[in-house]
1. Calculate, for residue 25 and residue 84, the FRET efficiency according to 1/(1 + (r/R0)^6) with r their C-beta to C-beta distance and R0 22 Å; round to the nearest 0.05.
2. Springs between alpha-carbon atoms under 10 Å, Gaussian network over the chain: tell me which of 116, 50, 79 tops the mean-square fluctuations.
3. Looking only at the range 21-55, which residues have a backbone nitrogen under 14 Å from a spot 7 Å from the Cα of residue 73 in the C-beta direction?
4. Quick check of the Kirkwood formula: for the chain, what is the inverse mean of 1/r over all pairs of different Cα atoms, in Å?
5. Given only helices, namely DSSP H runs of n ≥ 4 each adding -39500 (n - 2.57), what is the per-residue ellipticity at 222 nm of the chain, to the nearest 500 deg cm²/dmol?
6. Just to verify a number: FRET efficiency for residue 95 and residue 58, C-beta to C-beta distance, R0 = 22 Å, to 0.05?
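Nothing in this text is a laboratory measurement; each read-out follows from the coordinates by a stated rule. Small disclaimer: the values here were computed from a predicted structure and weren't measured. Cβ coordinates were reconstructed from backbone atoms using ideal geometry, including for glycine residues, and neighbour counts include every protein chain displayed.
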Ligand code: MN
């Protein structure tokens, strides 16, 4: 059973690094380049986890998270915000928007899989979406 991860990220380098790390762990990666595409792909693919950049074109990550939480098929999927914003209050904003957690960029390749694994485990009661 493959873990499917949707990463909503407009920056190629950020995506490639996470893609490399998670591919090596056997995860299936899906990419969206902006919030609107992310919402479409989340609804179509029902991933096990959504990684969400905050600085995005079209709509920002906070708004994207809010929209994802309104979709019945999607709202139980854990969302982890990935952002380089280091300002105080961003964590709270991400959580208030519906994210389950927050990881600061640059990510640490050595601990990243473990960090996101925590969110997958919290979600283990949810039946596999197919
Ligand atoms: Mn960005």
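1. 0.40
2. In the Gaussian network model the winner is 116.
3. Under cut-off, by backbone N: 39-48.
4. By the Kirkwood definition, the hydrodynamic radius is 14.4 Å.
5. It lands at -11500 deg cm²/dmol.
6. Efficiency for this residue pair is about 0.50.
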